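The values are calculated or read from the model by the stated rules, or taken from the named source; none is laboratory data. What you are looking at is a predicted structure, and each value in this text was computed from that prediction instead of being measured. Glycine also receives a Cβ, built like all others from the backbone with ideal geometry; neighbour counts cover every protein chain displayed.
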C-alpha cells in the first residue's frame, strides 16, 4: 500500500473568485485582491499550455469513478484537491509516493528533468558524479575491470584490478621478491599473474632429494621472525615429492621445512642441504590438503605450523632448536622438492606471503 504525504502546510484557505484570495505567508494569513488577468496576447507556448491544461481539466471529469475515489481518499488531510491528483496523473507527475517500508517512488517526468540538468556535467555513458570541494564533478568511465578507489584530496580515481583472488588473504608476492636456487641447477620458474597470484612450476621431477628453492634473505638472522605462506599447488599422488615453506642456513646449506608430501601428509623435515635426505625428520601430522604453512623463530627455537584457514595456528607440527641444523637460518621462502622420476611437475600459485622480521 502507498500513501501521499501532506506538504505540512495548512489546509487550503477560502478564495472568492474575482474578489480576493487568502493565503499564508511566513506563518501569517494574508488577504490579497484577486490577481489581474495576464495582459497582452499569449505566446504560442503559453497558448498551448493553457489549451493542454483545459483539456486535462475536462478529462478529469470523465475519468474512471474508481480513480476519482482513490484521489479523494489519498488527498485527505493534505493540501491538495482530488482533481490535483488526477491532473498530476494526466501530466505524468504523480508527485512522490512513499511506500510503507520507506521507499520513495518519483515520477518518470521528474527523473527525466533531473537527468537533463545533470547532462550539463557529463554526457558520456559510464560517467559518475562525485562531490568535489566546491561543486559536483564528473569522473569519466574507466577501463573494463578497473576498480574505483578514493585517491588524494578525497578524489575518486580508477585503478587497474589488482587481481581476482578476492579473499582477505589474497596478498601474493612478486617474482622479483625472491632469489632462485636449486640442488641440481634447474630452478623453479616464477611468473606474476594478476588473477591467480605468483605462479610457479617446480620443474621436471628428478631423483636425489633435490630442492628447488625461492628464498628471501633474512636481514637480521639473530632476531625473531615469522613467515607465513599460502600456497595452492598440485602434485602427483606419488611418494617422494613435496612443497611448502622452508628456511636455510647459508653457511652449511642445512634446511628446515614444513611441507605436504605426495602421500598427502604434512611433515616437518631437516634436510642436510638442497640435495640429500636425513633419516631424522623432526615431525609430521597426518592431514591432507593443507593451504597454509608457517615457520616461526623465537629465540633459538623454530616452530612449524600448518593451517587450513590462516587464522587458527593450533596445528603445531613440531618444535626444534638450531642445534638440529647447526646454525641460524638466514634464508626463508617456498620450495618444490623431488626424489622421483615419474609423475607430473609440482605446479601452483603462492597467494599469500607475509614475512615479519625483527
- Message: What's the total number of residues in the stretch 66-76 that are touching a strand residue (DSSP E or B) at 6+ places or on another chain (Cβ under 8 Å) and assigned to a helix (DSSP H, G or I)?
- Response: 1
- Within the stretch 189-238, residues in contact with a helix residue (DSSP H, G or I) (Cβ under 7 Å, 6 or more places away or on another chain), more than 18 Å from residue 274 (Cβ to Cβ) and free of Cβ contacts under 8 Å to residues at least 60 places away in the same chain come out as 191, 192
- Note on the structure: By residue number, the members of the stretch 312-340 that are assigned to a loop (DSSP other than H, G, I, E, B), within 34 Å of the chain's Cα centre (by Cα) and either loosely packed, with under 15 Cβ neighbours inside 10 Å or modelled with pLDDT of 95 or more (or both) are 312, 314
- Message: Quick test for you: out of 39, 76, 33, pick the one residue that is under 26 Å from residue 97 (Cα atoms) and assigned by TED's automatic domain parsing to the domain that holds residue 107.
- Response: 76
- Keeping to the stretch 60-99, report how many residues are modelled with pLDDT of 85 or more, more than 29 Å from residue 24 (Cβ to Cβ) and surrounded by fewer than 13 Cβ atoms within 10 Å (Cβ to Cβ). 6
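Against the condition under 20 Å from residue 254 (Cβ atoms) and modelled with pLDDT of 85 or more, how does residue 208 come out, does it pass?
Yes; evaluated as a whole, the condition is true for this residue.
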- Note on the structure: The condition of being over 24 Å from residue 270 (Cβ atoms), in the same structural domain as residue 253 (by TED's automatic domain parsing) and outside any strand (DSSP E or B) holds, among 195, 184, only for 195
- Note on the stretch 256-281: residues surrounded by 24 or more Cβ atoms within 10 Å (Cβ to Cβ) and either at pLDDT 95 or above or over 34 Å from the mean Cα position of the chain (by Cα) (or both) are 256, 257, 268, 269
- Task: State yes or no: is residue 137 assigned to a loop (DSSP other than H, G, I, E, B) and either on the phi < 0 side of the Ramachandran plot or exposed (fewer than 10 other Cβ atoms within 10 Å of the Cβ) (or both)?
- Result: no
- Give the stretch 77-95 a look and list any residue that's out of contact with any helix residue (DSSP H, G or I) (no Cβ under 8 Å at 6 or more places or on another chain) and either more than 24 Å from residue 112 (Cβ to Cβ) or outside any helix (DSSP H, G or I) (or both), or say none. 77, 78, 79, 80, 81
